[in-house]
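The values are calculated or read from the model by the stated rules, or taken from the named source; none is laboratory data. These numbers were taken from a predicted model, which means no experiment stands behind them. Here Cβ is always computed from backbone atoms with ideal geometry, including for glycine, and neighbour counts include all displayed protein chains. To get the accessible areas, we keep the full protein, side chains included, count just its heavy atoms, and leave off ligands, DNA and RNA. Shrake-Rupley method; radii C 1.70, N 1.55, O 1.52, S 1.80 Å.
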Amino acid sequence: MSSPDPAGAVSDERGPRTRLRQWRLPILLVAMLIMMIVAQELTVVLDGLGLLTLVVGVAAAALTLLCYARLSKAVERRSSVDELSRGQACSGLVWGSVIGGAAFVVTMLIILAFGGWQMSGGDLWKFLATIGIMATAAATEEVVFRGIIFRIAEERFGTWAALAISAVLFGLVHLAGSTEAGAGAEIWGGISIALQGGLLLGAAYVATRSLWLPIGVHFAWNLVEAGFGTAVSGKSSEFGGLVHTTLSGSTVLTGGSFGPEAGIAAILTCLVAAALMLRHAARHGRIVHRGDAPAPRAALG
């Protein structure tokens, strides 16, 4: 009996896996987009149920991250998913929450200084549900836009092109989902989210090579925004705030019916934060140019 050809055996064994990896972008993207839509719709359906929505939302966020890690290993043949390293989870989420929450507070202070706002009572019970909704949104959207789109685009085109691609797509998705604002506000809102949210969250990933920091930034920004009782990405009826805030002043400053995210105050605040993180990334050699090896993963203290 003739012995098998080792080279052929390796080729036969690795061929299907190699072909699977070549299709990693559509496979990962379709799978996680489906999970994102289902998870976010589930929390919206349960909205108003307080603690139940909170628990379901956090569970959906955790399940999304687990599924992404498992699927990425299987499809991309990765031994580890470094962007979800457990060692960075706590520090990344904490620092991200500090940055995201502080950025929105600064935005509101700018609006207060050059415009104004008035507060009235909110809905604590509904706000508990909002925490779950925002946890799901932050985890699912960061997996899709930073974990898949940005990461794979960066490998091929470099950091700057990947930032532009992921930011534009991030803005387009939010443009499609903003159904409560006027047409003009929706269009400008999508552009502004691409400019500030897309670039800020992409910069958070570049600075640490981890999804934990952008998840924390995304979650805290949205949660504090909802806590103030302002519209979030053109939607207000789905969320409960600790207070209800009525903004006054130019819509260029406040974002008008779309909410503060479409205002110049938010854009400036987020662009400054993004620039600082990208500067940090550049100083530590984490900017990838086309054809470069992957940048090293950072450690958060």
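Looking only at the stretch 145-169, filter to residues that are modelled with pLDDT of 95 or more and of a type in the set (D, E, K, R); which one of those is surrounded by the fewest Cβ atoms within 10 Å (Cβ to Cβ)? Among those that are modelled with pLDDT of 95 or more and of a type in the set (D, E, K, R), it is Arg151. Inside the stretch 235-289, residues that are in contact with a helix residue (DSSP H, G or I) (Cβ under 7 Å, 6 or more places away or on another chain), open to solvent by 70 Å² or more (accessible area, probe 1.4 Å) and over 17 Å from Ile193 (Cβ atoms) make up a count of 2. Within the stretch 195-227, the only residue that satisfies the criterion of being more than 12 Å from Ala103 (Cα to Cα), surrounded by 24 or more Cβ atoms within 10 Å (Cβ to Cβ) and touching a strand residue (DSSP E or B) at 6+ places or on another chain (Cβ under 8 Å) is Ala226.
Of the residues that sit in the stretch 23-41 and are assigned to a helix (DSSP H, G or I) and free of Cβ contacts under 8 Å to residues at least 60 places away in the same chain, which one is least open to solvent (accessible area, probe 1.4 Å)? Out of the qualifying residues, it is Ala31.
Being touching a residue at least 12 places away in the same chain (Cβ under 8 Å), open to solvent by 50 Å² or more (accessible area, probe 1.4 Å) and not small (Gly, Ala, Ser) holds for only one residue in Val98, Val81, and it is Val98.
Consider Gly92 carefully, then state whether it is under 17 Å from the mean Cα position of the chain (by Cα) and small (Gly, Ala, Ser). Considered against the rule, which asks whether it is under 17 Å from the mean Cα position of the chain (by Cα) and small (Gly, Ala, Ser), Gly92 comes out as yes. Tell me, which residue of the stretch 101-144 that is buried (at least 24 other Cβ atoms within 10 Å of the Cβ) and of a type in the set (Ser, Thr, Tyr) is farthest from Val168 (Cα to Cα)? In this case the residue turns out to be Thr130. Against the definition (modelled with pLDDT of 95 or more and acidic (Asp, Glu)), how does Glu142 come out, yes or no? Taking the combined requirement at face value, the residue satisfies it. Exactly one residue out of Ala129, Ala139, Ala162, Ala153 is under 20 Å from Leu71 (Cβ atoms) and in contact (Cβ under 8 Å) with a residue 40 or more places away in the chain: that is Ala139.
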